[in-house]
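Peer 1: The following block contains the structure, expressed as structure tokens.
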Amino acid sequence: MDGNKDIIKPSMEQSCRPGILFLDSNEAMLIRSTRKIEKCMLIAAHGWDVAGARLAGMRAVFVERLGKMLYPLGPEVQISELNMGTIADLLIAMPE
């Protein structure tokens, strides 16, 4: 973790299976962080991951990639963008 910004990377949980990745990282984040879940954000390129984050109360960013799409029945995400530079700019400009 980095000062005021709690950043949990999936590799920190040693998990790479999509169904387990979100749950393991989310549980670890809640245990390690004092932030409320609605202040947390998941950035991912898989629709089911961002849908799960949104349904859990987190904010989410969908990284658009060829062949990947948002889960059609999932809640709306804060950002859905192809260009990582644009995503970074939007995140920097986003209010906390």
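Please treat every number below as a calculation from the coordinates, not as lab data. All values derive from a computational prediction rather than experimental measurement. Cβ placement follows ideal geometry from the backbone for every residue including glycine, while neighbour counts extend to all protein chains displayed.
Peer 1: Would you tally the net charge around GLU81, using a Cβ to Cβ cut-off of less than 13 Å, leaving GLU81 out, and scoring K and R as +1, D and E as -1? Mind showing how you got there, number by number?
Peer 2: Numbers: positive: ARG65, LYS68; negative: GLU64, ASP89.
Once all neighbours under 13 Å are counted, the net charge is 0.
Peer 1: Sticking with this one: Sequence-distant or interchain residues sharing an amide H contact under 5 Å with ALA60, placed H: which?
Peer 2: Distant-sequence amide H within range of ALA60: LEU42, GLN78, ILE79.
Peer 1: Place the peptides 75-88, 40-53, 58-71 in order of packing, highest mean first, counting for every residue the other Cβ atoms within 10 Å and averaging per peptide. Show your work: numbers first, answer last.
Peer 2: Working: 75-88: 13.5, 40-53: 20.1, 58-71: 15.9.
Descending packing order for the listed peptides: 40-53, 58-71, 75-88.
Peer 1: Further question: Ratio to report: Rg/Rh of segment 33-80, with Cα atoms as the point set and Rh obtained by the Kirkwood method; give two decimals. It would help to have the intermediate numbers written out before the result.
Peer 2: Values: Rg = 10.4 Å, Rh = 10.6 Å.
With Rh from the inverse mean 1/r over Cα pairs, Rg/Rh is 0.98.
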